[in-house]
Amino acid sequence: MRPIEASLADGPEAPLGEAKHFPIRVRGLCNAFGDYVVHDNLDLDVRRGEILGVVGGSGTGKSVLMRAIIGLQIPTAGSIEVLGQSITGARDDADIAIRCRWGVLFQGGALFSTLSVVENVEVPLRKFYPAIEPALLAEIAHYKVLMTGLPSDAGAKFPSELSGGMRKRAGLARALALDPELLFLDEPTAGLDPIGAAAFDQLIRGLQQTLGLTVFLITHDLDTLHEICDRVAVLADKRVIAVGTIPELLALDHPWIQQYFKGPRGRAAASIRHLD
Ligand SMILES: Nc1ncnc2c1ncn2[C@@H]1O[C@H](COP(=O)(O)OP(=O)(O)OP(=O)(O)O)[C@@H](O)[C@H]1O
Ligand SMILES: [Mg+2]
């Protein structure tokens, strides 16, 4: 079943392969762990240049979806194309040549605790450009650290010496290391205070506009959804049940969507923007 979407989203369906307009295309995706089915026939298109928010209750499979799109989770069925390359058709990890064209900020940051911030940022650079001069490597990594708004001296620090917000920025610097076209962010503002979260939202929006990124952004943060997401995809019932702008989603008669956006927190986030 196609998500409620189509009326809200892309009009006539473009076939798989239209990477120019849809850098991420997912069709009929199924993921299961043993007998436990996480996704069943899930479809999703991400448009070039948008920030797509991905929401859904805890455990609905948002992180698993992201992992499947970047080739870290092998689906039981379905097809995934990223930037025109089939992820589901890849024989192995090495077969996914476009890995260097996306950056990922995993839920929880996933920084290497024994490496400094700059060394963390250097990891993907070393992997994809092993012959790069050490001085240039350090310069690029340092530049990425500054891009995320961290102070210059943060580069030499270890993750344990940073605040939660600084760790998120360090993770973002690593995700940006290879000048990606696509950015995957899994709950980037979780655990940040509201001011820190708002600053991080603006950082993401600023980078997305400056660098022309397409962003796949998993979040529970209603302020983030309202503030920076162009569209929102809703995961429920093992698939994407709807994709659209928040006003478009609000017009849908789905209990989870109504409760999510019109519950007390949803109303608070919307009232600031006069949507309630
Ligand atoms: N490697 C795994 N092995 C077994 N089950 C898994 C594995 N990874 C995820 N799951 C299960 O798949 C379901 C979806 O997990 P996922 O992490 O995608 O949820 P989520 O929507 O990201 O939740 P949250 O909002 O809490 O981060 C959960 O029930 C989880 O327990
Ligand atoms: Mg998750």
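The values are calculated or read from the model by the stated rules, or taken from the named source; none is laboratory data. On a predicted model such as this, the values are computed, not experimentally measured, just so you know. Every residue, glycine among them, receives a Cβ derived from its backbone with ideal geometry; neighbour counts consider all protein chains shown.
Observations, loosely collected:
- Wholly enclosed helices (runs of 4 or more DSSP H) of region 150-229 bearing at least 1 residues more than 16 Å from ligand 1 (Cβ to nearest atom), among the polar types (S, T, N, Q) and out of contact with any Phe, Trp or Tyr (no Cβ under 6 Å at 6 or more places or on another chain): 194-211
- The residues of region 36-65 that are within 8 Å of ligand 1 (Cβ to nearest atom) and either β-branched (Val, Ile, Thr) or within 23 Å of LEU207 (Cβ to Cβ) (or both), listed by number, are VAL38, THR60, LYS62, SER63, VAL64, LEU65.
- Pairs where the first residue, in region 173-192, is farther than 13 Å from LEU213 by Cα and the second is of a type in the set (D, E, K, R), C-beta under 7 Å, 6+ apart: ALA173/LYS144; ALA177/LYS144; PRO188/LYS168; THR189/ASP201; THR189/ASP221; LEU192/LYS168
- Pick from region 95-109, criterion at negative phi and part of a loop (DSSP other than H, G, I, E, B), ranking: surrounded by the fewest Cβ atoms within 10 Å (Cβ to Cβ): GLN107
- Positions within region 110-129 being over 27 Å from ARG48 (Cβ atoms) and either assigned to a helix (DSSP H, G or I) or modelled with pLDDT under 90 (or both), in sequence order: VAL117, VAL118, GLU119, ASN120, GLU122, VAL123, ARG126
- From the options ARG205, ARG239, ARG169, residue that is in contact (Cβ under 8 Å) with a residue 60 or more places away in the chain and touching a helix residue (DSSP H, G or I) at 6+ places or on another chain (Cβ under 8 Å): ARG205
- Sole residue being modelled with pLDDT of 95 or more, away from ligand 2 (no atom under 16 Å from the Cβ) and aliphatic (A, V, I, L, M), chosen from ILE4, ILE51: ILE51
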